[in-house]
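Here is the structure we will look at, set down as structure tokens.
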Amino acid sequence: QVQLVESGGGLVQAGGSLRLSCAVRGRAFDSLATAWFRQAPGKEREFVAAISWNGGSTYYADSVKGRFTVSSDYAKNTVYLQMNSLKPEDTAVYYCGRGSYGQKDKTNFGSWGQGTQVTVSS
């Protein structure tokens, strides 16, 4: 069974940067993509970015394009989310999940991790 473990969250000032990690534990012999979602208090979990199983393709939510970059290290079984030019509205718990490439709806993803809190102060 595949387990995802997020880390790297924290408190940062607006304009700052953070890098989140999503460690994929267990054997995953499939072609599922890995995606980042986020959930702010009182709001639905929303798509942020995703990367294909081989790291060759990525796609992003419009709200983070040009600021966030998703990447993967196959040897370490880890997916990263580099977040630059952070804004207070980026404050949320960030989760990674696995699902079909090209999807943005959370119902198409599973194996969610426990999440990591990102707080951006103004």
### Cβ crowding within 10 Å averaged over residues, with 86-94, 30-38 ranked highest first
30-38, 86-94
### Query
Can you give the Rg to Rh ratio for the chain, taking only C-alpha atoms and Rh from Kirkwood?
0.94
### Summary
So, relative contact order of the stretch 26-122 in percent, Cα under 8 Å, 6 or more apart, is 29
### Query
What part of the accessible area of the chain, given as a whole %, is carbon or sulfur when the probe is 1.4 angstrom?
45
### Message
Only four residue types carry charge here, +1 at the Cβ of Lys and Arg and -1 at the Cβ of Asp and Glu. Report the dipole size of the chain about the Cα centre in Debye, rounded to the nearest 20.
### Response
140
### Task
For the stretch 1-66 and the stretch 79-112, compute the distance between their C-alpha centroids and round to whole Å.
4
### Query
Of 24, 48, 92, which is farthest along the charge dipole of the chain in the positive direction, counting Lys and Arg as +1 and Asp and Glu as -1 at C-beta?
24
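What accessible area per residue comes out for the stretch 1-116, rounded to a whole number of Å², with a 1.4 Å probe? Each step should come with its number before you reach the end.
Values: 6170 Å² over 116 residues.
For the stretch 1-116, the solvent-accessible area averages 53 Å² per residue.
The values are calculated or read from the model by the stated rules, or taken from the named source; none is laboratory data. Being a predicted model, the structure only gives us computed values, none of them experimental. Cβ atoms come from the backbone with ideal geometry, glycine included; neighbour counts cover every protein chain shown. With ligands, DNA and RNA removed, areas are computed over all heavy atoms of the protein, side chains included. Shrake-Rupley method; radii C 1.70, N 1.55, O 1.52, S 1.80 Å.
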